[in-house]
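Undergrad: Attaching a single structure in structure tokens format; questions to follow.
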Amino acid sequence: MSGRTALLRDNRDFSRFWWGQALTALGARVSDVCIPLLVLDLTGSALWAGALLTVRLIVLNVARLPAGALADRWDRRTVMIVVDLLRAVLWAVLAVAILTGVESVWPLAIVGVVDGLVSSIYNPSLAAALRHLVRPDDITKAVSLNESRSYAASLIGPAVGGGLYAVAHWIPFAVNAVTFLFCTYLVIRITSGLGGRHVTQERLTSDMWSGLRYVFTQPFLRTLTLWSAVLNFATAAAFFGMVPMLVGLKTPAAVIGAMSAVTAAGALLGSLIAPRLVATGAFRAVILGGVVVAGAVTAVAVVPSMPVVVAALALLGATAPVLIIAMTAEVYHVVDDSMMARAQSTMTLVGSLLYPISTIVMGWLLQYHGPGPAYGVMAVALAGCVLFTLARPVRAQLSPEPVASRPLVPEESRHAY
């Protein structure tokens, strides 16, 4: 913990970067919980509420590959400033529309589409900029701090958003707009270069395909991406299935509602302890995390009861950030800066391809086969990931060395504090 605190205290540029993203993460969680509430108030339709969120996700994923190529071409600081200003205006206009009594879902739909588009280029720019702000041996701590920030926002944001929405429907969206303005100010104050502007003579489509080729021709990145796709599918299905299973066990609604807090608290704890685990070797941390996740899901399959589900949720929540931090830190070691945004966009897109069908598959398994077989299938998928990773040919492709033992970028490319 002291090393993480020292990084925030001593590295002013990273501190500005981190606090800016902490504010916008909180603002996003505040508004996220209010969008479906507002849609339900306007239309009374759960279908509309789900459709708007789905449209944003579709736009975000469709735009990932071209956005990643553009993020490598353009100056990352400029991208972050322009996008944050645009989002500030976007959410402020929405807040004004609500305040003045606009009773239509179309402003929300437009905000969702535009926000999805600009987020598709902002996110890889953000990820690629991190390596320019911290020294190579601090990258794991920085990634851990970023994960802690996200989980803390998920823990606090929904309650804050619900409270503000109860006061006045427009306030949560105005708060979100203000967080983007503060983030813009903090990014402007960063003195280090954030990379980007990698000159290319290729067409945009060629740059997009080069990102795909880059990921799938490197054994480590290819294995990690496919591993993530299965892991995301199985864990998303496991999380989703626990709610209908608890309902079937006649669990009180208040207890079910507290499950998200248990998961978020576990994730926050996991993000705090992850650097120590990853310091022993990213490969070991990934294997250990995979075993814990598979074990937790197996326990639910064997003993589908409320205490086991609660324990499994806490374990899954605590293990997820360990896996994310270990994988992300290793990616920073092997991906060249000129390809970082494209690689990040490609890996995120492919890693989330199975995510949309996870809830449907789990719902079908629960409906027709019950919780034991449903969670048994997910446990087998997760155990298969671990066994696949332990296979000798795959282990030869992966690096078990501690993160701090290898340079992140060439010495001349490192930015001073």
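Values quoted throughout were computed directly from the atomic coordinates according to the rules given, and no laboratory measurement underlies them. Because the structure is predicted, anything quoted here is derived from the model rather than measured. All Cβ positions, glycine included, derive from the backbone under ideal geometry; neighbour counts span all protein chains shown.
Undergrad: Grab the beta carbon distance between ALA261 and THR217, set R0 = 51 Å, and tell me the FRET efficiency rounded to 0.05.
TA: 0.75
Undergrad: Report relative contact order for the chain in percent, whole number only (criteria: Cα-Cα under 8 Å, sequence separation at least 6).
TA: Normalised by residue count, the contact order of the chain is 26 percent.
Undergrad: Run the quick spin-label model on LEU390 and ILE360: label points 7 Å from Cα toward the beta carbon, then report their separation in nm to one decimal.
TA: Modelled inter-label distance: 3.4 nm.
Undergrad: Using a 7 Å offset from the Cα along the Cα-to-Cβ direction at both ALA6 and LEU47, what is the distance between the two label points in nm, to one decimal?
TA: Modelled inter-label distance: 5.9 nm.
Undergrad: Quick one: plug the Kirkwood hydrodynamic radius of region 136-195 (C-alpha pairs) into Stokes-Einstein at 37 °C, 0.692 mPa s, and report D in µm²/s.
TA: 235 µm²/s
Undergrad: Still on this structure, please answer the following. Kindly provide the helix-only [θ] at 222 nm of the chain, computed as the sum of -39,500 (n - 2.57) over DSSP H runs of four or more divided by all residues, to the nearest 500 deg cm²/dmol?
TA: -28000 deg cm²/dmol
Undergrad: P(r) tail for region 209-413, what percent of Cα pairs lie past 28 Å?
TA: That fraction is 30 percent.
Undergrad: Under the 0.36 nm per residue contour assumption, what length would be gained going from the current alpha-carbon distance of ALA168 and HIS369 to full extension?
TA: Full-extension gain reported as 67.9 nm.
Undergrad: Ranked highest first by the average count of other Cβ atoms within 10 Å around their residues, in what order do 307-315, 205-213 fall?
TA: 307-315, 205-213
Undergrad: Quick check: pseudo-label points 7 Å beyond the Cα along Cα→Cβ at ALA159 and VAL302, how many nm apart are they?
TA: Taking the two extended label points, one gets 3.5 nm.
Undergrad: Sort out for me the Cα centre separation of region 27-55 from region 64-128, rounded to whole Å.
TA: Value for the Cα centre distance between the two parts: 17 Å.
Undergrad: At a threshold of 8 angstrom on Cα-Cα distance, excluding pairs fewer than six apart, so keeping six or more, what relative contact order does region 1-159 reach in percent?
TA: 42 percent
Undergrad: Right, next: Assuming 0.36 nm per residue, please report the length gained on full extension of the stretch VAL102 to VAL230 beyond their Cα-Cα distance.
TA: Length difference between fully extended and current span is 41.8 nm.
Undergrad: When you have a sec, figure out the Kirkwood radius of the chain from all distinct Cα pair distances and drop it here in Å to one decimal?
TA: Its Kirkwood hydrodynamic radius stands at 22.3 Å.
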